[in-house]
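To start, the structure itself, in structure tokens.
All of the numbers you see were taken from the coordinates with simple rules; none came from a lab. In this text, all values refer to a predicted model and were calculated from it rather than measured experimentally. Counting neighbours? That spans all protein chains shown, and the Cβs are built from the backbone with ideal geometry, glycine included.
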Amino acid sequence: MTNMLIVGCGGIGSFFIRELYQLYENGVDGTEKLDITMVDGDEVEEKNLRYQNFMIEDLGKFKAHALGERYPFQMGTKYIETEKELKGFDIIIIAVDNGKLRNLVYEYCDKNKDVYFIDMRSEGRGVVCYTTHKKNTLEKLKSTIDVDKPSTSCQIKFELDNGIIQVGNRIIAMIGIQLLLNKLRGVKNSDEYIQRF
């Protein structure tokens, strides 16, 4: 059994989890052998309904619980803040825009070379993804984040305030699914994927 942690059940994570569940239910390429845990300390808010995989009846629920009602993976309603919380996982999926969390995972994986990560990011129409790769040194990865920047949305605030919804979050979730399948199949992933649509 491969233990996988999905950190973040919002704009990216909620769609990643939906697609993963379909593969998992159909036993695609060993996905059924994954022991999956999804965690997020946020609750579903009305604004989330426009661009995340939630429904009106999910309002006020923890995001992980709302998704857990549809996709029966293990769930936790917390924020990951320590290396201890990462122990025991073979694959870590980053689906939150939080520099401190990214830094924590990067440092943990640098010390634990057998742990694989996929870091998915989006902002509006722009998407970025990094994976465990020899080109992705700790120094390079840290240069892509700001640990002091507060968490943000996968939507650009100006666009969201003006009713404009982009689907970069869904696109990067699907790219992340393909990268996960590659990993499970033993296919080497590229170090990064960057695109603006």
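Of the Cα atoms belonging to segment 68-178, the radius of gyration and Dmax stand at 14.8, 44 Å. For segment 1-98, what class follows from the C-alpha gyration tensor (a ≥ b ≥ c being the square roots of its eigenvalues): rounded when a/c is under 1.5, otherwise prolate if a/b is larger than b/c, else oblate? Here segment 1-98 falls in the oblate category. Residue-wise HN-Hα couplings along segment 137-144, as the Karplus relation 6.51 cos²θ - 1.76 cosθ + 1.60 with θ = phi - 60° gives them from phi, are 5, 4, 4, 5, 4, 5, 6, 9 Hz; Gly and Pro carry x.
The simple spin-label model puts a point 7 Å past each Cα toward its Cβ; for R70 and K113 those points are separated by 4.1 nm. Computed from point charges on the beta carbon alone (+1 for Lys and Arg, -1 for Asp and Glu), the dipole magnitude for the chain about its Cα centre is near 560 Debye. Farthest towards the positive end of the charge dipole of segment 2-196, among the residues V44, L23, Y71, is the Cα of L23, using unit charges on the Cβ of Lys, Arg, Asp and Glu. The listed peptides 109-115, 91-97, 63-69, 11-17, ordered by packing as a protection proxy, come out as 11-17, 91-97, 63-69, 109-115 (highest mean of other Cβ atoms within 10 Å first).
A crude spin-label estimate for the pair E139 and E83, with each label 7 Å from Cα along the Cβ direction, gives 2.1 nm. Between V28 and E192, the FRET efficiency from the beta-carbon distance, with R0 = 41 Å, is close to 0.95.
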